[in-house]
Amino acid sequence: MYKEIGAFDAKARLSELLRAVSEGQRFTISIRGKPVADLIPSQASGQEGLREALEALRNIPKVTGVSDDEVRDMIREGRK
């Protein structure tokens, strides 16, 4: 959901708005009540977070010493 803010206020509070956007908030900037622009998080910053998450998943230690049949049995037991 976008919060609406006037252009004059957006200019005066730009640093504050950028911090809020970096935390996921979104704003619609308007001039005389007419929406003219959206201030949203950059896709580039989202891509970096995605890369970090994928790398963390790749670094999860692998389970060893358990056969495929044992894993299958464990899964079945958990579903009952």
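For the range 43-54, the criterion of a residue being more than 26 Å from residue 19 (Cβ to Cβ), surrounded by 10 or more Cβ atoms within 10 Å (Cβ to Cβ) and out of contact with any strand residue (DSSP E or B) (no Cβ under 6 Å at 6 or more places or on another chain) is satisfied by at least one position.
Has the range 31-42 got at least one residue that is part of a loop (DSSP other than H, G, I, E, B) and loosely packed, with under 10 Cβ neighbours inside 10 Å? The answer is yes; a qualifying residue exists. Filtering the range 49-80 to residues that are hydrophobic (A, V, I, L, M, F, W, C) and assigned to a helix (DSSP H, G or I) leaves 50, 53, 54, 56, 57, 71, 74, 75. Within the range 12-25, the only residue that satisfies the criterion of being of a type in the set (Lys, Arg) and modelled with pLDDT under 95 is 19. Comparison of 24, 6, 65 shows that the only residue that is touching a residue at least 12 places away in the same chain (Cβ under 8 Å) and either in contact with a helix residue (DSSP H, G or I) (Cβ under 6 Å, 6 or more places away or on another chain) or loosely packed, with under 10 Cβ neighbours inside 10 Å (or both) is 24.
The values are calculated or read from the model by the stated rules, or taken from the named source; none is laboratory data. None of the values given here were measured: they were computed from a predicted structure. Positions of Cβ are backbone-derived with ideal geometry, glycine not excepted, and every protein chain shown enters the neighbour counts.
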